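Undergrad: I have a structure I would like to understand better, so I am pasting it below and will then ask my questions one at a time.
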Amino acid sequence: MNKRKLSNYFIYPSFQFALLISNIFVSGVTILIVRFKVNEVFDKLFETGKTIKLPSDHPYFNFINNSKSMMALNLNWALGFSIFLTIICSIYISHKAVGPIYQLKKYFKNMQNGDKKTELTFRRGDYFDDLPEIINSALKKCKKD
């Protein structure tokens, strides 16, 4: 089985970390907004109990408090899981998007240094898989002219 180090997935770390941080931020803020709004609902339910003058030891208030605690716990789990998935997906997708740029840059640097590599290729599964064919075709045409 082909085992890779996590560091191998960071080809352009500055871009990939910026993408990762922005995705974590969006995911985290979304869950926190949901948590805030859910707390507002439970607070309104609590106030409704006070408004209809339920005694403070009424089971309704215990039910509201327990429900609020369970919801907070579940939203905390959702936040953690969301951040975990965001990290995995951001690293994987950015790796597949940045890899072709890295290969393209390397290919043209090699050409600039006199290396006459026959054709540009990308890894299987990388994004922009149509670029090598377009670039190779254009370079062949330039060599003919």
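For (1) aliphatic (A, V, I, L, M); (2) closer than 30 Å to Phe128 by Cα; (3) surrounded by 11 or more Cβ atoms within 10 Å (Cβ to Cβ), each residue gets a yes or a no:
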position	(1), (2), (3)
Glu40	no, no, no
Leu45	yes, no, yes
Leu54	yes, no, yes
Pro59	no, no, no
Asn74	no, no, yes
Thr86	no, yes, yes
Ser90	no, yes, yes
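Undergrad: Moving on to the next point. So Asp126 ticks every box in (1) closer than 23 Å to Ala18 by Cβ; (2) assigned to a helix (DSSP H, G or I) but one. Which box is left unticked?
TA: (2)
Undergrad: Using beta carbons and a limit of 7 Å, which pairs, at least six apart or on different chains, have the first residue in the stretch 19-30 and among the small types (Gly, Ala, Ser) and the second one surrounded by 12 or more Cβ atoms within 10 Å (Cβ to Cβ)?
TA: Partner pairs satisfying both residue conditions: Ser27/Ser82; Ser27/Ile83; Ser27/Thr86; Gly28/Leu79; Gly28/Ile83.
Undergrad: Return yes when Lys37 is basic (Lys, Arg), assigned to a helix (DSSP H, G or I), free of Cβ contacts under 8 Å to residues at least 40 places away in the same chain and touching a helix residue (DSSP H, G or I) at 6+ places or on another chain (Cβ under 7 Å) and no when it is not. Give the derivation first.
TA: On the way: basic (Lys, Arg): yes; assigned to a helix (DSSP H, G or I): yes; free of Cβ contacts under 8 Å to residues at least 40 places away in the same chain: yes; touching a helix residue (DSSP H, G or I) at 6+ places or on another chain (Cβ under 7 Å): no.
In short, no.
Just so you know, all these numbers are worked out from the coordinates, no wet-lab data involved. Worth saying up front: this structure is predicted, and the values here are computed from it rather than measured. Methodologically, a virtual Cβ is constructed for each residue, glycine included, from the backbone with ideal geometry; neighbour enumeration extends over all protein chains shown.
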